[in-house]
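Worksheet for the structure shown next.
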Amino acid sequence: MKKPGPHDHDATLLVQYGTKGGRKPNDPEARGKPRRIILSLRALERLQDYARGRRKIALRTFLRKNPGAAEPRELFLSPDTGGPIAYRTFWGKWKVGPVPLPQWSPHLGRHTWACYTLLDELYPMAEAVSRGGLELAGLVQPHFDHVITTLIRPQLGHISAETTEMYLKWVAAQLQVSRAHREYANWLDRME
């Protein structure tokens, strides 16, 4: 096992401008709902390098092309215009190269991250429960709620009850498939 390095720990970052979520009526800064997201220290260092380097260059471009305009507060700025990077630009970058399915999008990527994060958090517990023959449903829901509340919701912003239910159904299906694979592998081992 590799010894943990200095970049193997997480840090939180407060984001608010341009985030998903409601804004207060008459908010002159259009800040959006602030939230803390979890990043590795390495990712945080890369963002800081961007803010000190390429973002400052883009900001100078913006000020040169828009004399007297207020500086954009968004973190990511276009190197060409210096203005905030448009959603369609992110969308275009998202579609570069092979994609897992035709309707692949940044929004679907958010759901994918949430589902696999839940699965990663719940799978070890489900394995332990299945070995002990205990009832899984009563243990999973509180842990699921905890992961949604403390990890996924802060990272993604608001998650509706319908979306949470969708995640739970997907995770339950994955755990059933995993159990079926394990039982089949055990059956094959007994056949040898």
_Checking the condition under 30 Å from VAL96 (Cα atoms) and either at pLDDT below 80 or assigned to a helix (DSSP H, G or I) (or both), which residue from LEU139, LEU122, LEU118, LEU134 passes?_
LEU118
_the range 158-181: number of residues that are at pLDDT 75 or above and under 14 Å from the mean Cα position of the chain (by Cα)_ = 1
_ILE85 vs. criteria modelled with pLDDT of 80 or more and under 22 Å from LEU13 (Cβ atoms)_ = yes
*Hey, any hits in the range 26-44 for a residue that's modelled with pLDDT of 80 or more, surrounded by fewer than 14 Cβ atoms within 10 Å (Cβ to Cβ) and either of a type in the set (Gly, Ala, Ser) or more than 26 Å from LEU151 (Cβ to Cβ) (or both)?*
yes
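The values are calculated or read from the model by the stated rules, or taken from the named source; none is laboratory data. Computed from a prediction, not measured in an experiment: that's the story for all the values here. Glycine also receives a Cβ, built like all others from the backbone with ideal geometry; neighbour counts cover every protein chain displayed.
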